[in-house]
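Please treat every number below as a calculation from the coordinates, not as lab data. Everything numeric in this text was worked out from a predicted model, so none of it was measured. Every residue, glycine as well, gets a Cβ built from its backbone with ideal geometry; the counts of neighbours run over all protein chains shown.
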Amino acid sequence: MESSKANQLFLTNGAYLKVSYLLPIYEWFKYKLVLIAPNWRFSLYDIVLKKDDNRFNSIILMLCNLDTGIVEIQEEEVSNKSVLPFDKSFLDHLESELHDGDIATLISSLHKDIYTAKKVKDGVLFHKLITIHENAEGDEIPFDLSVESDGTLRALDLLPALDDASSGHSDQTYVIDEIDRSLHSLLVREMLQSFLTRIFHEWREHSFLKTILTKS
């Protein structure tokens, strides 16, 4: 493109100039293509926040099938801001930037824990994501993410994407780099088998419905 700048991507410049045949391509890369890198962290938090029961329950079921020991994922309120693994100056700046109702996700790279900060009328509420396990007596035991294994954390990072991609309703395209990172080969096999089984189920269900509608 003649008007492209030397330091600007071709598609980006085409979208800026509103070139009609380039806009759909640009928007697909920007909004529909999801790259999951080896250090991708936990898109499941969005599902927890939105209380999307169908997706949430599906992911919990997959975690159980993978023998992670996790039976539930919950939010735990952090009443004392001083225990958060973030600098006070950073938290003060965050509070000043948030508006009423805004929610920010905070990831502690050191401790592997994930928090949310929600702006409310009286200040900011902080919550931490925790997993729930059951002991032999059936009692629920809360676990911080920081004590979960690397394999469990990687499963938590990948399952929301696999669940969405196999739902039959997603318009996203997922590219997963190093899907076997921190995961035992048998776990990867189980995850992919579950993914393919669900895709087949969704395809069969939609094909049956299409056949019924066509005959009607």
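Listed values, structure above:
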read-out: Residues ASP157, ASP102, sorted so that the one with the fewest Cβ neighbours within 10 Å comes first; value: ASP102, ASP157
read-out: Estimated FRET transfer efficiency (GLN193, SER20; beta-carbon r; R0 25 Å; 0.05); value: 0.05
read-out: Qualifying trypsin sites (Lys or Arg not before Pro) in segment 87-151, DSSP loop, other Cβ atoms within 10 Å at most 15; value: LYS121
read-out: Within segment 118-177, GluC sites (Glu not before Pro) in DSSP loop having at most 13 other beta-carbon neighbours inside 10 Å; value: GLU137
read-out: Karplus-derived HN-Hα couplings along segment 67-78 (A = 6.51, B = -1.76, C = 1.60, θ = phi - 60°), whole Hz, x at Gly and Pro; value: 6, 7, x, 7, 10, 6, 10, 9, 9, 10, 5, 9
read-out: Cross-link pairs LYS81/LYS112; LYS88/LYS119; LYS81/LYS128 - those with Cα-Cα distance over 21 Å; value: none
read-out: Net lengthening on full extension, TYR31/HIS111 (0.36 nm per residue, minus Cα-Cα); value: 25.8 nm
read-out: Segment CYS64-PHE90, extension gain: residue separation times 0.36 nm, minus the distance between their alpha carbons; value: 5.7 nm
